[in-house]
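Report on the structure given below.
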Amino acid sequence: MTFTEEIIGRLKAHGTPFYYYDTDVLRETLSVASKEAAERGFKVHYAVKANFNPVIMKTIAEFGFGADCVSGNEIEHAISCGFPAAATVFAGVGKSDHEIETGLKLGIQCFNCESPEELEVINGIAGRMGMNARVALRINPNIEAHTLWYITTGTDENKFGIRITQLDKVISLLSHLKNVTFSGIHFHIGSQITDLHVYRNLCSRVNELYYWFTDRGLEPADINVGGGLGINYSEPDQLPAFADYFNIFRDHLDKKIQSTISFELGRSLTAGCGSLISRVLFVKEGAAETFVILDAGMTDLLRPALYHAYHRIDNLTSTLTEKKYTVAGPVCETADTFARFIELPETRRGDLIAIRSAGAYGEVMASRYNMRALPQSVFSDKL
């Protein structure tokens, strides 16, 4: 059965818009990523923020990945979906007291700390609870990721991480905190990174900082190098370059490093399995462009409006001659536009549209703005 036939079959039970997840694609992607990481001795945590649909999460947990969380709710959800607490890390620049308490109660692997003040807060909460918190230091390496400004996280302009110039102060502080234990160092320089040479620069910085810590008697048990591996949005059926990605770290990290090397992958694991399925409501002639108005909008897939992000758009039901269209949604915002001046087969009311590579940062960012209903999620292996 073709992708189009499968989608048309689903319309008997599900109205548009809906997210369609191909679980065969998901499992193939997870299998390749797991194999390539294991062959090089690397450990992978799944970045829950990419897609926290419980069916997706439970499938990922089956492959033995850990969980990378950025909220207390994500921690609880990950553990409920089968991720071990002992393989769950808590990142994020703004952890609330309640979220820190949650992590401690559940016995997570560690907190990735982003400031001296956060270390002091975690120390105080752990002390009050009669516990000890394992902490990794998230360091801002000041490396340009050559990706969208909105999803760059590792330069001096970003809010994330501890500046390298602060490390002496942080190490001194750690020696006085009795309720935290240093467990490693953490980096994350951005998302949707397709220039893999960027990671060579990260490896150089990791090598430098590893010896900086060991020279001071602090051996990182774990070095988390983050994630950010990009996908090819123009070719939605193409698997991410997992082997090339992991090879860079295998080849460029110092061979004397004995720490566990961890990654936090999100988009590259789930984006390819998901498509947002929509129906054409109207085709509207404008002064300079022809608009295809869908029943899906920015409330269902925010990335194009928020980041000007590109997703490939396919008309599943037309085989007519191609024309140029601007594809937009029904929300009362000019920003509610998926793409401008793209080639599609001649499109008419009722045609089915698939917005591809939407399995990451799609359903999880949906909202009820304009009191619109949240999109359903439909899975290829479930009726």
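The values are calculated or read from the model by the stated rules, or taken from the named source; none is laboratory data. Remember, it's a predicted structure, so these values are computed and weren't measured experimentally. Cβ atoms come from the backbone with ideal geometry, glycine included; neighbour counts cover every protein chain shown.
Worth pointing out:
- Top-ranked residue of region 85-102 - restricted to ones that are within 19 Å of the chain's Cα centre (by Cα) and closer than 15 Å to residue 64 by Cβ, ranked as surrounded by the fewest Cβ atoms within 10 Å (Cβ to Cβ): 87
- Members of region 212-240 that are surrounded by 12 or more Cβ atoms within 10 Å (Cβ to Cβ) and among the polar types (S, T, N, Q): 214, 224, 232, 238
Let's see how each residue does on (1) among the small types (Gly, Ala, Ser); (2) within 30 Å of residue 199 (Cα to Cα):
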| site | (1), (2) |
| --- | --- |
| 237 | no, yes |
| 243 | yes, yes |
| 251 | no, yes |
| 257 | no, yes |
| 261 | no, yes |
| 281 | no, no |
| 288 | yes, no |
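- Filter result (touching a residue at least 12 places away in the same chain (Cβ under 8 Å), of a type in the set (D, E, K, R) and over 13 Å from residue 256 (Cα atoms)) within region 207-234: 216, 222
- Being more than 30 Å from residue 351 (Cβ to Cβ) and within 20 Å of the chain's Cα centre (by Cα) is a condition met by no residue of region 2-22.
- Some residue of region 135-156 being β-branched (Val, Ile, Thr) and modelled with pLDDT of 90 or more: yes
- Of the residues in region 207-220, at least one is β-branched (Val, Ile, Thr), more than 30 Å from residue 25 (Cα to Cα), at pLDDT 95 or above and not in a loop (DSSP other than H, G, I, E, B).
For every residue, the table says whether it meets (1) within 16 Å of residue 264 (Cα to Cα); (2) touching a helix residue (DSSP H, G or I) at 6+ places or on another chain (Cβ under 8 Å).
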position: 54; (1), (2): no, yes
position: 63; (1), (2): yes, yes
position: 66; (1), (2): yes, yes
position: 70; (1), (2): yes, yes
position: 81; (1), (2): no, yes
position: 84; (1), (2): yes, no
position: 90; (1), (2): yes, yes
position: 104; (1), (2): no, yes
position: 113; (1), (2): yes, yes
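- Among the residues of region 331-367, those that are among the acidic types (Asp, Glu), surrounded by fewer than 20 Cβ atoms within 10 Å (Cβ to Cβ) and in a loop (DSSP other than H, G, I, E, B) comprise 333, 346.
- Subset of region 12-22 (residues that are polar (S, T, N, Q) and part of a strand (DSSP E or B)): none
- Top-ranked residue in region 269-316 [being modelled with pLDDT under 95 and part of a loop (DSSP other than H, G, I, E, B); ranked as surrounded by the fewest Cβ atoms within 10 Å (Cβ to Cβ)]: 287
- Screening residue 305 with (1) over 27 Å from residue 54 (Cβ atoms); (2) in contact (Cβ under 8 Å) with a residue 24 or more places away in the chain gives one miss only, at (1).
- Test: residue in region 59-70 that is in a helix (DSSP H, G or I) and either within 14 Å of the chain's Cα centre (by Cα) or among the aromatic types (Phe, Trp, Tyr) (or both): yes
- Test: residue in region 39-59 that is within 26 Å of residue 162 (Cα to Cα), surrounded by fewer than 22 Cβ atoms within 10 Å (Cβ to Cβ), in contact with a strand residue (DSSP E or B) (Cβ under 7 Å, 6 or more places away or on another chain) and of a type outside the set (Ser, Thr, Tyr): yes
- Candidates in region 197-211 are the residues that are of a type in the set (Ser, Thr, Tyr) and surrounded by 18 or more Cβ atoms within 10 Å (Cβ to Cβ); of these, the one that is nearest to residue 136 (Cα to Cα) is 210.
- Of all the listed residues (55, 25, 44), the sole one being part of a strand (DSSP E or B) and at pLDDT 95 or above is 44.
- All conditions in (1) in contact with a strand residue (DSSP E or B) (Cβ under 6 Å, 6 or more places away or on another chain); (2) of a type outside the set (A, V, I, L, M); (3) outside the structural domain of residue 8 (by TED's automatic domain parsing) hold for residue 295, with the sole exception of (3).
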